[in-house]
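Read through the structure below, which is laid out as structure tokens, and then see the notes.
All of the numbers you see were taken from the coordinates with simple rules; none came from a lab. Because the structure is a prediction, the values reported are computed rather than measured. For neighbour counting, all protein chains shown are included, and Cβ atoms are generated from backbone atoms with ideal geometry for every residue, glycine included.
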Amino acid sequence: MKSIPYGRQNITKEDIEAVVNTLTSDYLTQGPKILEFEQEFAKYIGCEYAVAVSNGTAALHLCTLALDVKDGDKVITTPITFAASANCVRYVGGEVVFSDIDPETYLLDIDKVRALLEASPKGAYKGIIPVDFAGHAVNLQEFRALADEFDLWIIEDACHAPGGSFVDSNGDKQNCGNGKLADLAIFSFHPVKHIACGEGGMITTNDKSLYQKLLQLRTHGITKDENLYSNSIEFAGGDESYPSWYMEMQALGYNYRLTDFQAALGISQLTRAELGIERRREIAKIYNESFKDKSFIKGQSGIVEGHAYHLYIVEVEDRLGLYNFLRENRVFAQIHYIPCHLMPYYRQFGWKDGDMPLAENYYKHCLSLPMYPTLSEEEQNLVIDLIDRFYEK
Ligand SMILES: *Cc1c(COP(=O)(O)O)cnc(C)c1O
């Protein structure tokens, strides 16, 4: 019997053709597909600028660099996320301050963030990294207002939510990563995410100066824009103007580039992104209907407007029993996430059991069920039947 994972990529004939065409073109990296992917992605999300990078973690790292996060700078994030959302603060020497979740939405609870900010003198914190966890868009209108009050920047970790949105208090739809509310937003193109490049990431923003910084930092801190040069034309070896070989390394950057063939795959995948979300929403509806009167379901992702459903989560009793029973039947549900503050790495900074009671309680019960566009109706029904069978015995 075929196994059913919690998430998986969908590679079509068109995707393969797009990659092969790029492999036989003049450019394997830093060619025309990168800019095309960035422009198409920016259009899809509705932001001004997009910077393609090698993965979502590199995207986060470049964001903390571009925002100039330094030794000891305090940044707030959620414990229920992939470790990279927090690690990017550590890469540049900052201090991660975890704040507990809202047990209904599983997202960073803004009231707790406010309480944290109000408990310290203004200026104690530099930024917030909210996560559109599972595909549920954070209300960034509220976070923006709070951030402005305390002079903070926002990096939106939108890895789970390309195509997700929320409706703001003016009735306007705000797409995740659209650049209107967060300073920077990041996405990942890992195979379990909505758009697969193998590895890959994107940063979106409406801030031109951050955009220019990110472009430099992505490739060694090098610029070829002569308006930005600081060495003289004479030094560069030119006469009237800078010679065309000339470039300057102006900051300590990295090689976080995406390849052209990955970008070609991303462009091709992006054309089906909307269909993928529609399918994910259908799957979510069926789970929601099936579970709504079941007493063994203690909480679930539910039906939320604008939800991008990277994950469909249920909270259950005897989670280990259900997890193992599903595995025995080749259904590979998963846990998202082990609370980040209790990872051994973060415990060394003093984080301990009981610090984030709601996140820790959530972790005891959560289970991510199979959720991906090519999950068939039969497969989903099998998953639902297995869950019923497990609790009825
Ligand atoms: C996947 C993911 C990342 C990291 O992305 P990679 O491309 O795997 O480096 C960061 N944050 C969240 C919430 C993610 O799900």
Two-decimal ratio, region 1-72, of alpha-carbon radius of gyration to 2.2 N^0.38 Å: 1.51
Mind ordering 270-282, 64-76 by average Cβ neighbours within 10 Å, highest first? 64-76, 270-282
How large is the Rg to Rh ratio of region 233-360 when both quantities use alpha carbon positions and Rh follows Kirkwood? 1.22
With the 8 Å Cα cutoff and a minimum separation of six or more residues, region 181-227 has a relative contact order in percent of 28
Listed peptides 7-16, 35-44 by packing density, highest first (mean Cβ within 10 Å): 35-44, 7-16
For region 37-135, the Cα-Cα pair-distance distribution in 10 Å bins from 0, as whole percents, is 15, 39, 35, 11, 0
Could you size up the charge dipole of region 263-357 around its Cα centre, putting +1 on the beta carbon of Lys and Arg and -1 on that of Asp and Glu, and report it in debye to the nearest 20? 220
Given Cβ charges of +1 for Lys and Arg and -1 for Asp and Glu, the option among 155, 20, 354 whose Cα lies farthest towards the positive end of the dipole of the chain is 354
Using the C-alpha gyration tensor of the chain, what are the square roots of 5 times its eigenvalues, in whole angstrom, with the largest one first? 38, 27, 17
Region 255-300: Cα Rg divided by the 2.2 N^0.38 Å rule of thumb: 1.89
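Can you work out D for region 331-386 in µm² s⁻¹ from Stokes-Einstein, where Rh is the Kirkwood radius over C-alpha pairs, the temperature is 25 °C and the viscosity is 0.890 mPa s?
Answer, rounded: 182 µm²/s.
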What do you get for Rg/Rh over region 268-340 if you use C-alpha atoms and the Kirkwood form of Rh? 1.01
Given the C-alpha atoms of region 104-223, compute the convex hull and give its volume per residue in Å³. 123
May I ask you to order 295-303, 92-100, 219-227 by the average number of other C-beta atoms within 10 Å around their residues, highest value first? 92-100, 295-303, 219-227
For the chain, what is the mean residue ellipticity at 222 nm derived from helices alone (per DSSP H run of n ≥ 4: -39500 (n - 2.57); sum divided by total residues; nearest 500 deg cm²/dmol)? -11000 deg cm²/dmol
Taking the 0 to 90 degree range and rounding to the nearest ten, how far is the long axis of helix 56-66 tilted relative to the main principal axis of the chain, both from C-alpha atoms? 50
Taking other Cβ within 10 Å of each residue's Cβ, how do 374, 204 sort, fewest first? 374, 204
